[in-house]
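Participant: Take this structure, written in structure tokens, and hold onto it; I'll ask about it next.
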Amino acid sequence: MTNNRYAFIKISDAVQSDRQYFLDWLRILAILVIFFHHCAKFFDYHTFTIYNSLRSLTFSIFREFNFLWVMPLFFIISGAAVYFSLNSRKANLFIKNRILRILIPQVLIGTFLINPPQIYLERLFKGQTVCDFIHWYPQFFDGIYLITDGNFAPLGMGTHLWYLMYLFFFSLIMLPLLIRKNKKSVISNFSRFFEKPWALFILFIPISVTAATSEILGLGFTRYAGGWDPMSFLVFFALGYLIFSNAQIRENIKKYYLISLLAAVIFTIFYLVSHFGIKLIIPGVTRHIIDQNGVLLPFNSSVWMFVEAFRGLIAWHWIIGLLGLGQRFLNYTNRFVVYANEAVLPFYILHHTVIQIIGFPIIQQNSNIFTKFSIIAIASFIIIMVIYELLVRRLNILRFLLGMKLKKIRPSLNTIVGNKLF
């Protein structure tokens, strides 16, 4: 049996392009974590929309752990993607790509098809409506969700599509700093100040300062979207571009990532143990008492700004650790990576609504939490992948609406013959 050299391509191969395949792997792994994260949302102490009658410490810890790193990693990867995209595109083509890949799916599919079922199920769960979805749909346009107690959620407001909204506006806001002049952008020029190994470990400072400042300014409520405030996500996005615009910084990550992984694990354990009061209760830091079924403790904003700064440190160490692991062990591609990487965006757009539709009747059954979670996760994943494989992946109109590249339509034999004859 001969080896197919295209089924497993290492970064060292002579024919290798500049693509960083480990970023594809990390993106795929992150979207899977996000999927299970949202399946677990029904059972989290923090959930206030649709939830199971009994909550779970295990799933609450799982979700709080994910908040520390998964969306920061997504924005780091997004910043890196922008760097590589601007390698091959001028600013006008980059903006066109952002509109096609992000804005159109968010406005057309997200606002009018993906978001309404989520809002409807919340209203149904809270007894704010009793009619079926078809008759309720016109009410979706009444008021603004989360602002006027209305239902309309444009551009992902209040739903999982907030990530696409942030990403689109971040790309436009940061574009003057990302466009290259004389082969260097403002951020890539600035990156040279962080080429020393020790400098790598102080890059958490802008994250921590931004997160703490957000708390001081009373913007902590914005962390409902992904566990971080928008300005902190903007910093992660900029750092993603900065890291991948400088080969020396990436080399330092590859050399010293184990230090960060160890620090991340130690800091995370301390954070989670204190956050949930697991034999360690710190006034103002501990948010839940597990001995009292996860009861929520009073919030102290003055203390929490220090917690936010600490979270910035933890997140940065996870970023360094995961990027280092990826560079060391995942810098190759295969058919799975090619297939899954193309599916990430439509999977992300579809997943939360499917989970909510599947989960809504399941949480009302008399089963244990783990059984409910398993049914929701398995059924949702199968349905999403069936929709993707049988419809989205094959139909150009759906590919367009969900931000994918269009498939080239091969001309038929009759067309070819006809063209030659006429």
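Participant: Please indicate, with yes or no, whether at least one residue in the stretch 281-300 is over 30 Å from ARG192 (Cβ atoms), at pLDDT 95 or above and among the aliphatic types (A, V, I, L, M).
Facilitator: No, that holds for no residue.
Participant: Please work out if LEU350 is in contact (Cβ under 8 Å) with a residue 60 or more places away in the chain, out of contact with any helix residue (DSSP H, G or I) (no Cβ under 7 Å at 6 or more places or on another chain) and not in a strand (DSSP E or B).
Facilitator: no
Participant: Go through PHE133, PHE193 for me and flag whichever is without any contact (Cβ under 8 Å) to a residue 12 or more places away in the chain and either among the aromatic types (Phe, Trp, Tyr) or over 22 Å from TRP318 (Cβ atoms) (or both).
Facilitator: On the way: PHE133 fails: without any contact (Cβ under 8 Å) to a residue 12 or more places away in the chain.
PHE193 is the lone residue from the list that is without any contact (Cβ under 8 Å) to a residue 12 or more places away in the chain and either among the aromatic types (Phe, Trp, Tyr) or over 22 Å from TRP318 (Cβ atoms) (or both).
Participant: What's the number of the only condition in (1) surrounded by fewer than 18 Cβ atoms within 10 Å (Cβ to Cβ); (2) part of a loop (DSSP other than H, G, I, E, B) that LEU262 fails to meet?
Facilitator: Every condition holds for LEU262 apart from (2).
Participant: Could you please find all residues in the stretch 168-211 being among the aromatic types (Phe, Trp, Tyr) and assigned to a helix (DSSP H, G or I)?
Facilitator: PHE168, PHE169, PHE170, PHE190, PHE193, PHE194, TRP198, PHE204
Participant: Let me ask another. Condition first: under 24 Å from the mean Cα position of the chain (by Cα), of a type in the set (Lys, Arg) and either surrounded by fewer than 19 Cβ atoms within 10 Å (Cβ to Cβ) or outside any helix (DSSP H, G or I) (or both). Can you find one or more residues in the stretch 272-282 that meet it?
Facilitator: No: the stretch 272-282 contains no residue that is under 24 Å from the mean Cα position of the chain (by Cα), of a type in the set (Lys, Arg) and either surrounded by fewer than 19 Cβ atoms within 10 Å (Cβ to Cβ) or outside any helix (DSSP H, G or I) (or both).
Residues are listed down the side, and each one gets a yes or a no for (1) surrounded by fewer than 21 Cβ atoms within 10 Å (Cβ to Cβ); (2) in contact with a Pro (Cβ under 6 Å, 6 or more places away or on another chain); (3) within 22 Å of GLN118 (Cα to Cα); (4) of a type outside the set (Gly, Ala, Ser):
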{"position": "LEU161", "(1), (2), (3), (4)": "no, no, yes, yes"}
{"position": "LEU172", "(1), (2), (3), (4)": "yes, no, no, yes"}
{"position": "LEU175", "(1), (2), (3), (4)": "yes, no, no, yes"}
{"position": "VAL186", "(1), (2), (3), (4)": "yes, no, no, yes"}
{"position": "ASN189", "(1), (2), (3), (4)": "yes, no, no, yes"}
{"position": "LEU203", "(1), (2), (3), (4)": "yes, no, no, yes"}
{"position": "ILE216", "(1), (2), (3), (4)": "yes, no, no, yes"}
{"position": "GLY220", "(1), (2), (3), (4)": "yes, no, no, no"}
{"position": "TYR224", "(1), (2), (3), (4)": "yes, no, yes, yes"}
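The values are calculated or read from the model by the stated rules, or taken from the named source; none is laboratory data. What you see is a predicted model, and the numbers here were worked out from it, not measured in a lab. Cβ sites come from the backbone with ideal geometry, for glycine too, and all protein chains shown count toward neighbours.
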